[in-house]
Amino acid sequence: MKNNKNDKQDLGKVILNEITGEDPKSPKKKKSFWKKIEIPFLAIITGLLIGGILIGATSQSVYAGFAVSIWSGFAALGKEIGTAYFSLFTGSLGNPVTIIQALQSGNATDIRFALNPLLESLVKSTPYIFAGLACALAFRAGLFNIGVEGQLFIGAAAATYVGYAIKGLPSYIHMPLAILAGAAAGALWAIVPGLLKAWTGGHEVINCIMMNYIAYRLTTYLLTGPMTRPGGGGMPLSPMIEKSAYIPQFFQSPIRFHLGFFIALAFAVLVWWILFKTTWGLNLRTVGTNPRAAKYAGLNITKTIIVGMAMSGALAGLAGANEILAVNHSMAIGLSSGYGFDSIALALLGNSHPFGVVLAALLFGVLKNGATRMMVVSSIPIDIVTIIQALILIFIAAPAIIRAIFHLRSSKEDTAIVTLSSWGGGK
Amino acid sequence: MSKKLIVVLSVLMIAAFVLSACAKATPAAPAAPKFKACEVTDTGGVDDKSFNATAWKGVTDAMSQLGIDGKYLESKEVADFEPNINAFVQEKCDIIITVGFLLGDATKAAAEANPGVKFSIVDYGYDPVIPNVLGQAFQTDEAAFLAGYLAAGVSKTGKVGTFGGMQIPTVTIFMDGFYKGVQYYNTQKGAKVEVLGWTPADGTGLFTNDFSDQQKGNDMATSLMDEGADIIMPVAGPVGLGAAAAVKARGNAYIIGVDSDWYLTAPDYKDITLTSVMKLMDVTTLNAIKAAMDGTFKGGTTMGTLANGGVALAPYHDLSSMVSADLSKEIDTIKAGIIDGSIKLAQ
């Protein structure tokens with residue numbers, strides 16, 4: 001019996017190796033670290049450079065400079081881009097001068113405030129990590145979960161409800177309960193397209209998009225109806241959640257750095273462990289890479305798809321729950337600026353690897369947080385950061401551009417973007 | 001070869017940061033600090049052609065009239081409110097203007113944490129009063145009442161229409177006033193002008209549930225015109241512009257603008273803009289800034305009414321020939337009646 005199972009597992013492995021060309025038994029030729037990060041790194045640099053040109057092109061002082069002479073034009077351009085990016089990075093990582101001064105003064109409050117930009121970037125990264133993991137896990141199962149946004153809304157609504165409706169629980173029960181509610185609701189929402197895919201072959205992309213619409217309208221209904229704040233005048237706004245449901249913040253306001261960031265990291269490790277260290281993860285990846293071969297190997301594809309979607313949805317629900325319990329403390333429309341859709345890009349950027357997703361999420365968090373400071377200092381609209389993000393993603397999705405720009409030799413194994421078998425209609 | 005290029009680029013970028021850092025490190029001797037008014041938008045963004053934009057106009061008016069500094073920060077989602085407000089607190093803004101009920105909680109928290117900073121919030125009020133927050137609320141139904149009466153008087157089909165962006169009080173107050181204005185016309189004249197798109201009695205009506213997709217405004221206006229409405233008041237921010245486009249394409253119908261005077265703010269549609277129900281958040285914002293400057297600032301709520309000019313009906317501009325002298329006079333009388341209390345809207 002036990003032997004039998006091992007055989008099956010081995011068969012799965014053999015097939016996986018056939019498909020991916022990987023042989024886990026033979027020592028893998030390790031790609032150098034630089035080779036691995038080459039494309040993303042260059043994409044970021046190129047995105048920032050083009051973004052700089054855009055900043056210059058939308059700035060009055062640059063045109064005024066060029067009107068005087070070409071040199072003063074370039075001087076103005078340099079100053080604009082310099083100020084913009086300097087504020088972008090001091091706003092997201094902290095100002096080195098302030099940090100050093102604070103460290104020298106030894107005043108704990110000063111140090112915290114000097115480090116706040118960095119901490120705030122981590123706060124902004126947290127929902128990206130959860131949502132990115134959701135998408136990456138689905139990608140690994142060959143599923144395109146474009147419904148992360150809807151699952152996030154439903155997860156947030158469930159966490160909010162548990163957060164305010166249940167009173168008198170101690171924090172160590174209430175907070176995990178609210179988090180769990182968010183994850184469960186997200187999972188339930190994702191199971192619907194999962195079931196439709198597994199049973200009827202209905203394409204999860206279409207069904208996820210539809211589930212998004214239902215989620216938006218449902219939350220609007222809930223927020224203006226059953227979940228509306230008493231005395232809120234019918235505004236789409238929930239009551240404040242109980243203090244006992246808060247995911248604790250480590251420092252006093254205005255520093256928002258909270259436990260959720262570490263929960264997100266823990267989940268990244270968990271997803272990595274499940275995907276790469278368990279049989280079930282292997283099955284999931286096999287189904288994702290080649291469902292026909294997986295079926296031949298005797299894997300239960302239906303179950304894998306449903307459980308894969310559910311786990312992905314649970315992670316998306318966690319993203320929503322995190323925002324409510326750690327940051328907003330009540331739910332309103334305008335909860336998300338599109339984490340669910342950015343998560344697709346994040347998963348791509350991180351090569352659908354949990355740790356890659358964490359790095360990509362940190363990048364997005366840094367850019368998003370720095371944008372605020374950039375806007376305060378140099379009045380550059382926050383949208384420019386969205387454009388920079390988009391450029392970076394385009395360069396990563398189309399590495400040929402980067403190779404052409406930087407004259408890199410192309411190698412076939414580098415085109416390691418996860419295959420989306422679902423696009424081929426492979427069930 | 002390629003690595004060299006990369007190294008050069010990296011060095012250039014680092015150099016740019018370091019140089020700009022040095023430039024920053026030696027600031028010129030600070031001039032006397034100017035008064036600073038700073039606006040935090042809600043998720044609509046500063047160019048929403050609706051309340052964020054109108055409040056920002058109040059700030060820019062203050063910049064040109066009073067010579068102050070103005071800044072704004074756009075919020076993309078609820079989680080941005082708190083850090084955006086705090087960024088302005090750290091910038092030592094003299095007054096921070098927050099826009100919309102979504103910012104209600106964040107503004108309250110920031111105001112209580114920073115009692116020395118003055119705040120003013122558009123479309124919101126606090127009970128009990130927070131001493132350093134001035135809420136700006138609007139009796140929009142007073143102006144919309146006039147618009148309803150006007151629409152009923154001008155309509156040839158005997159049907160007028162309205163729709164909203166979302167069923168929330170700041171939107172439905174326009175539609176309520178409009179509806180009541182039409183009913184008032186009917187009782188005064190024994191007419192039977194119908195209102196499509198909003199029934200206050202059971203709270204049902206047309207809503208796009210969207211403040212950004214203009215196509216939805218286009219669809220709403222088209223179906224209202226199909227039903228026979230020839231005057232349409234869209235209460236949906238920029239979505240209303242889609243309705244204006246539909247009306248302009250079809251012809252034989254007119255639009256009543258909201259928030260600002262659309263004749264001026266949406267000049268593409270000035271030939272079909274009968275009037276606008278103006279909610280003058282720019283005026284109340286400017287007043288809040290003035291009060292903060294001259295030291296008369298007090299916490300509480302200002303209520304914009306017809307009486308104090310916080311809400312108003314815009315001029316008829318090019319379409320004044322459509323409004324008969326009698327009708328125009330009646331509207332002036334009703335306006336006076338609302339102001340002196342002889343006509344009551346709340347029933």
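Computed from the coordinates by the stated procedures, all read-outs in this text should not be read as laboratory data. Owing to the predicted nature of the structure, the values given are computational and were not obtained by experimental measurement. Heads up, the Cβs are rebuilt from the backbone with ideal geometry, glycines too, and the neighbour counts pull from every protein chain shown.
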**Message:** Below 8 Å, C-alpha to C-alpha, sequence gap of six or more: please give me the relative contact order for region A:258-359 in percent.
**Reply:** 28
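Grab the beta carbon distance between residue A:273 and residue A:93, set R0 = 30 Å, and tell me the FRET efficiency rounded to 0.05.
After rounding, the FRET efficiency stands at 0.50.
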**Request:** Return the FRET efficiency for the residue pair residue A:200, residue B:333: r is the Cβ-Cβ distance, R0 is 56 Å, and the value is rounded to the nearest 0.05.
**Result:** 0.25
**Request:** Would you mind ranking B:80, B:268, B:294 so that the residue whose beta carbon has the fewest other beta carbons within 10 Å leads the list?
**Result:** B:294, B:268, B:80
**Request:** Nearest 5 is fine: what % of DSSP beta bridges in the protein assembly as shown come out antiparallel, could you say?
**Result:** 15
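Work out how much length residue A:266 to residue A:292 would gain on full extension: take 0.36 nm times their residue separation and subtract the Cα-Cα distance, in nm to one decimal.
Numbers: separation 26, 0.36 × 26 = 9.36 nm, distance 3.31 nm.
Full extension of this stretch gives 6.0 nm more.
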**Asked** Near residue B:36, which aspartates and glutamates are there with a Cα under 15 Å away, not counting those fewer than 8 places off in the same chain?
**Response** B:61, B:69, B:91, B:94, B:294
**Complete:** For region A:166-171, Karplus-derived ³J(HN,Hα) couplings (6.51, -1.76, 1.60; θ = phi - 60°; whole Hz; x for glycine and proline) come out as 8, 10, x, 7, x, 4
**Request:** Please turn the phi angles of region A:54-60 into ³J(HN,Hα) values with the Karplus equation 6.51 cos²θ - 1.76 cosθ + 1.60 (θ = phi - 60°), one per residue in order, whole Hz, x for glycine and proline.
**Result:** 4, 4, x, 5, 9, 10, 4
**Prompt:** Is it possible to state the helix-based mean residue ellipticity at 222 nm for the protein assembly as shown, with each DSSP H run of 4+ residues giving -39500 (n - 2.57), the sum divided by total residues, to the nearest 500 deg cm²/dmol? What is it?
**Reply:** -19500 deg cm²/dmol
**Fill in**
Relative contact order as a percentage, chain B, C-alpha pairs under 8 Å and 6+ apart, gives 17
**Complete:** Cα-Cα longer than 28 Å, checked against A:167/A:197; B:34/B:57; B:76/B:335; A:124/B:279, kept in input order, equals A:167/A:197; B:76/B:335; A:124/B:279
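Using the membrane-span-like helix rule (whole DSSP H runs, Cα extent along the own axis of at least 15 Å, mean Kyte-Doolittle hydropathy at least -0.5), which helices of chain B qualify? Before the final figure, lay out the partial values.
Values: long enough: B:2-25 (34 Å, 1.80); B:51-66 (22 Å, 0.01); B:140-154 (21 Å, 0.92); B:169-189 (30 Å, -0.47); B:214-226 (18 Å, -1.07); B:239-250 (17 Å, 1.00); B:281-294 (20 Å, 0.42); B:325-340 (23 Å, 0.11).
Membrane-span-like by this criterion, though nothing is claimed about a membrane: B:2-25, B:51-66, B:140-154, B:169-189, B:239-250, B:281-294, B:325-340.
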**Message:** What distance in nm separates the two pseudo spin-label positions at residue B:66 and residue B:92, each 7 Å out from Cα along the beta-carbon direction?
**Reply:** 1.9
**Request:** Starting with the highest mean, order B:249-255, A:110-116 by the number of other Cβ atoms within 10 Å, averaged over the residues of each peptide.
**Result:** A:110-116, B:249-255
**Complete:** Pseudo-spin-label distance residue B:188 to residue A:165, built 7 Å along Cα→Cβ, given in nm, is 4.9
**Message:** When only alpha-carbon atoms are used, what values of Rg and Dmax, in angstrom, describe chain A?
**Reply:** 23.6, 85
**Request:** Scan around residue B:118 for amide H atoms under 5 Å from its own, H built in the peptide plane at 1.01 Å from N, and keep only partners 5 or more places away or cross-chain.
**Result:** B:96
